[in-house]
1. Which whole-number percent is the relative contact order of the range B:1-116 (Cα, under 8 Å, 6+ apart)?
2. For the range A:139-219, state which trypsin sites (Lys or Arg not before Pro) are in a DSSP loop and have at most 16 other beta carbons lying within 10 Å of their beta carbon.
3. Calculate the length of the line joining the C-alpha centroid of the range A:202-230 to that of the range B:128-164, in whole Å.
4. Quick one: angle between helix A:78-97 and the longest Cα principal axis of chain A, in degrees between 0 and 90, rounded to 10, please.
5. For the protein assembly as shown, what mean projected area does the convex hull of the alpha carbons give, in nm²?
6. At a 10 angstrom cut-off on C-beta neighbours, averaged per residue, how do the peptides A:314-324, A:476-486, B:416-426 rank from highest to lowest?
7. How long are the semi-axes of the equivalent ellipsoid of the range B:236-288, defined as square roots of 5 times the Cα gyration tensor eigenvalues? Whole Å, largest first.
8. Taking each residue of B:362-371 in turn, how many C-beta atoms of other protein chains fall within 10 Å of its C-beta, and what is the average?
Amino acid sequence: MSIVQHLSALQVVVPLLSAPLIVLLRPPGLAWAAATATSLMAFAIAIALALGVGNGNNFLYEMGSWPAPYGITLSVDSFSAILLLISTGASSLALLGGKRSIDTQVEASRQPLFYSAWLLLLAGLVGIVVAADAFNIFVFMEISSLASYVLIAGGPDRRALPAVFKYLIMGTIGATFYLIGIGLIYMMTGTLNMADMALRIQDVSDQSPILVAAGFITIGLALKAAVFPLHLWLPNAYTHAPHMVTVFLAACATKVALYVLIRFDFFVFQPNLVGHALQFAYFLMPLAILAILVASARAMFEPNLKRLLAYSSVAQIGYITLGASLVSKAGLTASALHIFNHSLAKGALFLSLACLAMRLPSLRLEALAGAGRAMPWTMAAFTLAGLSLIGVPGTAGFISKWHLITAVLSEGALGVGLAMVIVISSLMAAVYIWRVIEVAYFQLPLNGSTSVKEAPIELLLVTGLVALANIYFGLSSDFPLSLSTDAAELLIGSAQ
Amino acid sequence: MMAENAIIAALLVPLLGALGIALAGRVSANLRETITMLTAFSLVAIVWSILPAIFAGERPGIRILEVVPGIDIAFQIEPLGMMFAALASALWVVNSIYSIGYMRGNKESNQTRFYVFFAIALSAAIGIAFAANLFTLFLFYELLTLSTYPLVAHKGDEKSVRSARVYLGVLLTTSICLLLPAIIWTYMIAGTGDFTVGGILDGKLAGPAVGLLLGLFVFGIGKAAMMPVHRWLPAAMVAPTPVSALLHAVAVVKAGVFSITKIIIYIFGVDFLFAEPSSGWLLYAAAFTVIMASVVALRQQNLKRLLAYSTIAQLSYVIMASAILKPLAEIGAAIHIVAHGFGKITLFFAAGAIYTASKKTEIWQLRGIGRRMPWTMGAFTIGALSMIGVPPTGGFVSKWYILAGAFEADNYVAITTIIVSTVLNAAYFLPIIYMAWFAPEDQSSSSKPHGEAPFMAVLALTITAALTLGFFFFNGPVLELEQQIMQGVSP
């Protein structure tokens with residue numbers, strides 16, 4: 001076997017093995033360097049996997065060469081490749097640019113532990129994505145959740161503690177629900193491998209436990225994915241976490257849970273349960289619409305910038321679930337594409353907030369007065385990413401919005417209403433982004449201080465790079481689009 | 001191949017200019033203004049160099065890249081877009097001369113930002129003019145909105161930021177809520193959004209849906225300022241006058257009516273719309289806007305707001321003319337874009353010159369100002385006469401063609417609207433002219449004696465006034481260009 005075939009295993013193994021070793025690296029600079037190198041290696045593996053998947057390779061890996069229903073299998077397809085790219089990419093870029101930001105927020109003695117938890121979170125997230133059986137998904141979910149509790153509470157902000165406690169309670173309920181669900185399925189089918197599950201459920205005579213399992217799994221994962229109205233843990237957790245942790249989590253954490261939700265439903269439940277596609281649609285679509293409208297409205301009146309963007313994330317998760325709830329190829333393509341494009345936009349936005357936080361006393365709206373002049377590059381990146389979030393043509397956000405509107409419009413009369421929801425929420429996004437831009441560019445600083453300088457160069461470079469990626473993928477969307485189309489075909493193909 | 005390179009150059013030169021201006025702004029104001037003028041002159045040279053090819057019947061085009069399969073960024077020049085680009089680029093030169101006089105005369109702050117975004121806006125306008133499909137048009141349409149926002153909010157005080165919010169709010173809302181769905185709908189039913197002679201929707205759409213799609217386009221293109229989406233234009237008047245002059249009398253608003261005309265001709269197709277009764281409402285809606293905006297203009301006390309409402313009325317003239325759906329009227333619509341451009345930019349230049357020289361903004365302050373500022377008020381008079389449509393001004397020519405088209409279609413709604421609005425135009429412009437030249441100066445209010453505006457400003461408004469007069473006599477090339485549009489449309 002060549003190294004290429006081991007990639008899907010290495011994707012998890014590399015960060016998982018480096019994490020405990022980093023605890024031993026006491027000099028904080030060294031811990032950072034090791035974590036960054038590991039994360040970059042994981043990113044490189046993800047790119048290799050994505051390219052391989054793009055060339056039609058299917059990565060199915062049997063741990064220890066034990067065949068499928070008995071051994072543990074890992075699999076990487078187009079849908080997984082998107083998630084792997086954004087998780088490892090967000091982690092690498094946040095680490096590359098964020099050293100000084102982390103230095104100011106995490107004391108040196110705890111940094112090795114912090115970086116170790118960071119890699120465990122990364123390992124957990126990619127583990128969820130590559131695992132092909134339901135129980136390993138649970139295990140990796142627990143690893144990533146525990147690591148993320150540690151990371152969120154790792155900053156100097158004491159308010160992170162109640163926020164993380166809330167997250168912990170709700171996250172644990174979510175994980176428990178998920179576990180109950182797979183327990184029920186295991187009881188009825190005797191298997192944990194998802195592909196095997198999909199085959200064996202057909203032979204189950206009484207389908208009601210499976211239906212109950214579907215309910216538990218959907219709710220549990222929706223909690224993890226912050227699907228409205230189960231999003232209550234998210235805004236405070238994002239707001240009070242260290243800035244770089246927010247960048248990492250916002251770009252990928254909820255999307256990974258959403259990935260499992262979509263995957264489970266389309267691969268396991270929809271082919272087997274009669275009428276389940278409709279149940280799925282009726283359950284998620286109203287929630288998606290509410291998420292889009294309510295969370296966007298909430299963001300419009302939020303003075304704290306991190307919480308503003310956190311609410312915006314809840315709304316954007318609504319877009320992704322809306323696309324999936326159409327249960328059509330076009331809808332799923334739009335969802336997968338938006339997973340990719342939104343992580344670019346939100347990643348760049350939270351990175352520029354991290355830049356601002358390095359120089360400004362607070363991240364409340366009024367503290368930004370005059371930032372357009374004092375930190376022109378940071379605010380330029382913020383503006384670009386904001387335009388992408390709004391969905392202005394020429395940016396990545398527009399591409400996914402275009403696909404989403406095309407997808408809903410092919411649903412007939414209902415689609416027109418949904419299209420209205422999408423365009424109205426784009427306007428709401430314009431309002432909450434523009435509030436920031438107005439203050440930053442057209443208000444003079446209150447105390448007239450001119451001491452504010454630009455953010456550290458490495459952070460600024462990374463921020464600018466991600467902001468420009470929004471433009472690049474807005475003009476040339478071939479790569480994410482082909483992955484998304486493949487993913488949608490795969491999902492919809494197995495559902496029928 | 002030359003024309004293809006020229007398209008790219010016309011888009012890039014203003015952007016490079018913007019970069020140069022931004023860098024030069026840190027060195028010296030003179031260098032910055034020199035670069036602005038150089039950029040403006042290069043742009044006009046590039047754009048006008050394409051003209052002979054268009055006259056010869058060529059339609060040069062270029063595809064840049066495919067964004068999504070079937071949707072690409074592409075440019076193609078046809079007569080209508082050529083005319084718009086030629087107009088905007090030529091007036092940018094005059095306007096830059098004027099800007100220098102105005103911005104220095106009023107000691108405005110943030111002048112570098114002003115020139116930078118002005119250049120970006122011009123690039124966006126050229127992009128709209130040369131767009132080969134709806135997607136490209138939409139891309140540059142939004143770029144134009146965003147790049148003009150800092151110009152409207154230029155002063156940065158509470159009032160201008162609030163007005164800029166209205167500006168951005170209306171233009172973004174209409175474009176995202178109406179125009180974008182209309183474009184996606186078009187791509188879905190026609191499979192393409194390319195501007196094609198004869199339209200692309202024939203046989204793909206029928207019945208009330210045609211009227212609905214037309215409505216989404218017309219109101220989605222908020223830049224055309226058709227009522228009730230006109231509110232942004234009076235709000236935009238807080239901007240420095242050069243912005244109002246070039247952008248809100250020519251580039252931005254004409255981009256709106258230009259887009260509507262282009263969509264009517266190349267997406268729907270004139271014949272297709274003429275055969276479809278559900279599209280008839282457009283004429284009435286435009287006629288309503290013409291009359292209402294003129295009535296509102298009658299009641300304005302502030303000179304720039306009056307000009308803004310006059311612009312709203314004149315824009316709907318163009319829409320109404322295209323909605324008559326007769327070749328003569330379509331030509332009239334195209335000519336009116338040019339004629340109104342010359343006249344209205346002159347009026348705004350005059351308003352700005354008055355403000356620079358005397359800080360007067362209200363109409364009642366203008367008593368007897370003609371004796372102090374004879375050049376300015378002379379130009380103002382010519383511009384106003386062109387708005388009314390009195391020969392020998394450019395406004396007469398376009399009105400002639402629109403009326404001829406209306407008679408050809410036996411469209412009495414359009415004919416009545418033109419007559420009534422001419423009366424209304426006269427009713428709000430003639431008193432100003434009378435007051436400026438013949439009324440005695442109000443001694444108490446004019447505490448500060450003043451003369452003419454800075455030389456650069458006067459030079460610019462004299463040029464545009466001369467163009468307004470000249471267009472009456474030398475409109476042959478524009479006519480010839482526009483007659484090409486009608487090839488392939490049955491008379």
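1. Here the relative contact order equals 31 percent.
2. Values: sites: A:ARG158, A:ARG159, A:LYS166, A:ARG200; in loops: A:ARG158, A:ARG159.
Here the trypsin sites (Lys or Arg not before Pro) that fit, given the DSSP loop and packing criteria, are A:ARG158, A:ARG159.
3. 47 Å
4. Once rounded, the angle reads 30 degrees.
5. Working: hull surface 162.7 nm².
Result: 40.7 nm².
6. Values: A:314-324: 27.2, A:476-486: 20.0, B:416-426: 18.1.
Final packing ranking: A:314-324, A:476-486, B:416-426.
7. On the way: eigenvalues 185, 34, 6 Å².
For the range B:236-288, the ellipsoid semi-axes come out as 30, 13, 5 Å.
8. Values: counts 0, 0, 0, 0, 0, 0, 0, 0, 0, 0.
Partner-chain Cβ atoms within 10 Å, mean over residues of B:362-371: 0.
Values quoted throughout were computed directly from the atomic coordinates according to the rules given, and no laboratory measurement underlies them. Worth saying up front: this structure is predicted, and the values here are computed from it rather than measured. FYI the Cβ positions are ideal-geometry reconstructions off the backbone, even for glycines, and counts take in every protein chain you see.
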